[in-house]
Amino acid sequence: MVRNRVLLVLLLAGLLAAPSLAFLTLAPNRLVSGAPISLGAALHGEALILLLPAVLLALGVFLPQRRALHALTAAAAAGFLLLLVRLAGSEAALLAQTAPPVARISLGGAFWVLLIIAALALSDALRRLAVPAPAGVLLGAVVVGALGLLLLSGALDSLAIVREYAARRTAFAAAILRHAAMVALALLPTVLLGLPLGVLARRREALAAWLFPLLNVVQTIPSIALFGVLLAPLSGLAGHFPALARFGIGGVGVLPAVIALILYALLPVTRNTSEGLAGVSPAALEAGRGLGMTPRQLLWRVELPLALPVILSGLRIAALQTIGLAAVAALIGAGGLGAIMFQGLFADALDLVLLGVLPIILMALAANVLFDLGLGRLRRLRR
Amino acid sequence: MIEFEHVTKRYGASAVVENLSLAVAGGEFCVIIGTSGAGKSTALKMINQLVSPSEGRVRVNGEDVRLAPPAALRRRIGYVIQSIGLFPHWTVARNIGAVPELIGWSKRRIRARAAELLTLLKLAPDAFLDRYPHELSVGQQQRVGIARALAADQDILLMDEPFGALDPITREALQAEIAEIQRASRKTVVFVTHDMDEALRLGSRIAVMDRGRLVQAATPLELLTAPASDFVRDLVGRDDLGVKLLGLATVASRLRAGVPAPGEPIAAGASLRRALSRMVAEGRDRLGVVDGDGRPLGAIHLADLLRR
């Protein structure tokens, strides 16, 4: 008798992916595509312990759904996730003993599918447990921390992605910082500009009539094209005033990238600010005016606080979009994690691509969680 | 003291209020009544400058309202609306304290005032001060809305169909309370409604508006006995005119002092309409009359109801 359909679907997907996709791939060098190694081949000796959490997860599908079972399922999912990563590391180390030094042992499709399934099973179990959001975030941080410890312990050193990381340790750290700096440099002016613009657009229809279509058009321009459009005027500017170039103002580099990111992020922030204000109850507005609030007092005391949830969702969209788009900025020499990603793409080194992409995904997830916490807090205060 | 002097408000070509002249004396409870679209709400909003007249002048305490900064003017005038409009992100205490906060009262004084007003409006301060509006029933919300309008103890109170969205029982209770508050504080109240019973019950004077024009401004008794036009007559209602007249006077005004009467007595403060209703329902032609503490005062007979 099936009692947890979500878990059943996840398990079936896992059972389908595990035998049909490669768990690891072993390539003699970077240029040759690798030979697949299945999960079955990797499951031997003490690695068989991976089956224990898998069986526990299967029990979770059929047993009566109680809190204790959900807690067990959560623990099993977290255990499966960590054991899976450890197995990939230990199997890679085993393969590396017999393979030539230039051989590349990469993570295969089955690994990624099972990893995602374990993460989904974990979050579903936490949802069923009705764990409060901050505690859920803490548990997630514990799992990520355990993965970090696994990485630091050297257990994963034979994997190609870790090797790529080891070879560019300093460049990688610099890329993360550069990426985060670009996001911050773009988001701060976006907020400072977008909030007042959104308020103004709500007040003056004439402004809204051309501002939003313009920002919408900007959104439809592909990012590379927008970088290109900015290249000409900015390099012209730097050509006319060589002094500017010394401050890093030119057609390529961080400045045009940040300008483009701001142009993209303005739409969600401005539009949501304007829409949030439009959604404020007319009764509260009439009461505020009738009681004697000046337009400014009405804005700060009534309109903005009531529009805040909508404004924050706009900021969330802007933040996630900027974190992703900043990767493309590497194409005009802005650096960041995109630089690592493109380096990998051009060299046909998938592990290097992943090394650039994984931190971007983690950054986006972290930003998303932060906004979730903020919005959740807001809702609890209000409702 | 509120004066409308030949006030007209136009939106485009159509006049919503046309050549309105009306003076509301200090301490008066003035009800503006009319069908929807009569311009009564627009007239009210011209007092606190939420609407500006196209022509003419509105004066509050002798001063043209257009000369004062709108925000400062409105803080001196209490305002209650049908849609209540409590600020959903503020507690009851902060909602009530909205105007005192704007004019710089201390936190402690605001909270004490909020508690005092909640008590006046029959909500327990301890239970309600820190609640949020969405946790309250609509009736409780409008009590808070009234408390908010009274917070800074303004001399003037504007009420725009404040009880229109309430159920009959809550409406009646709040009518009694606002009447009592006005009696005790001698505030000048301008009250907009389309409900004639409400107008007769509350108003010391009733201004009838029809399509932007003032048709008649008179005491409830004058309105019932000498309607200025067929429109007023219809608005008052032809069928139950007599019953409405009885509603304007109390049992005390027709008391036969010292005369005993059997059966369940009626309070001296009750309306004659209520006395008639009791007599009809109980099949009796006389009722004993008692004062507020239940002491017998005398009796009232059916024939007394016909005395003018």
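Counting beta carbons within 10 Å around each of A:I221, A:I262 and listing the fewest first gives the order A:I221, A:I262. Where the alpha-carbon atoms of region B:249-306 are placed on the principal axes, they occupy 25, 23, 16 Å, in descending order. Among the residues of B:70-79, the average count of other protein chain beta-carbon atoms within 10 Å of the residue beta-carbon is 4. In straight-distance terms, cross-link reach from B:K45 covers every one of the lysines whose alpha-carbon lies under 29 Å from its own, apart from those fewer than eight places away in the same chain; here that gives B:K9, B:K122, B:K187. The residue among B:I110, B:M46, A:A146 whose Cα reaches farthest toward the positive pole of the charge dipole of the protein assembly as shown, with charges on the beta-carbon of Lys, Arg, Asp and Glu, is B:I110. Ellipsoid fit via the Cα gyration tensor, region B:187-308: semi-axes of 32, 15, 11 Å, each the root of five times an eigenvalue, largest first. Sorted fewest first by neighbouring Cβ atoms within 10 angstrom, A:I360, B:I300 come out as A:I360, B:I300.
Inter-chain Cβ neighbour count for A:276-287, averaged per residue, equals 4 (cutoff 10 Å, partner chain atoms only). Of the candidates B:G258, B:G39, B:G56, which one comes out as most mobile in a Gaussian network treatment of chain B with C-alpha springs shorter than 10 Å? Judging by the Gaussian network model, the answer is B:G258. The 3J(HN,Hα) values that the Karplus relation (6.51, -1.76, 1.60; θ = phi - 60°) gives for region B:233-239 are, in residue order, 4, 5, 5, 5, x, 7, 5 Hz. Gly and Pro appear as x. GNM remark for chain A: springs join alpha carbons under 10 Å apart, and the peak mean-square fluctuation among A:R169, A:R271, A:R178 falls on A:R169.
So what does log10 I(q)/I(0) come out to for region B:87-152 at q = 0.14, 0.17, 0.29 Å⁻¹, using the Debye formula with one equal point on every Cα and no solvent? For region B:87-152, the Cα-only Debye profile gives -0.31, -0.47, -1.40. Peptide A:288-301 has a mean shielding of 6, counted as Cβ atoms of other protein chains within 10 Å of each residue's Cβ. For the pair B:A249 and A:L177, label points projected 7 Å from Cα toward Cβ lie 9.4 nm apart. For region A:169-382, the share of alpha carbon pairs falling in successive 5 Å distance bins from zero is 1, 7, 13, 15, 16, 14, 12, 9, 6, 4, 2, 1, 0, 0 percent.
Net charge dipole, the protein assembly as shown: roughly 800 debye, given to the nearest 20, about the Cα centre with Cβ charges of +1 for Lys and Arg and -1 for Asp and Glu. Across all Cα pairs in region A:160-202, the calculated P(r) in 10 Å bins from zero up to the longest distance comes to 26, 27, 21, 15, 10, 2 percent per bin. Taking a quarter of the surface of the Cα convex hull of region B:1-129 gives a mean projected area of 9.8 nm². Quick one: angle between helix B:107-120 and the longest Cα principal axis of chain B, in degrees between 0 and 90, rounded to 10, please. Roughly 20 degrees between the two axes.
Compactness of chain A was expressed as the Cα radius of gyration divided by 2.2 N^0.38 Å, which yields 1.20. Helix screen, chain A: DSSP H segments with Cα axial length of 20 Å or more and mean Kyte-Doolittle hydropathy at least 0.5 are A:5-20, A:67-98, A:109-128, A:133-152, A:169-203, A:205-220, A:223-240, A:254-278, A:304-325, A:350-382.
Cα axis of helix B:272-282 to longest principal axis of chain B: angle in degrees, 0 to 90, nearest 10? Its long axis makes an angle of about 50 degrees. Over region A:5-161, the Kirkwood radius and the radius of gyration, each from Cα atoms, give a ratio Rg/Rh of 1.01.
Taking every pair of alpha-carbon atoms in the protein assembly as shown, give the share separated by more than 41 Å as a whole percent. Counting every Cα pair in the protein assembly as shown, those more than 41 Å apart make up 55 percent. Across the options A:L375, A:N216, A:T190, the greatest Cα extent toward the positive end of the charge dipole of chain A (unit charges at beta carbon of Lys, Arg, Asp, Glu) belongs to A:L375. With the helix formula -39500 (n - 2.57) applied to DSSP H stretches of n ≥ 4, chain A reaches a computed 222 nm mean residue ellipticity of -25500 deg cm²/dmol. Arranged from fewest to most other beta-carbon atoms within 10 Å of their beta carbon, A:H70, A:H179, B:H6 become B:H6, A:H70, A:H179.
Each value in this text was obtained by applying a stated rule to the coordinates, not by laboratory testing. Note that this is a predicted model, so its numbers are computed, not measured. A quick note on method: Cβ atoms are made from the backbone with ideal geometry, for glycine too, and the neighbour counts reach across all protein chains shown.
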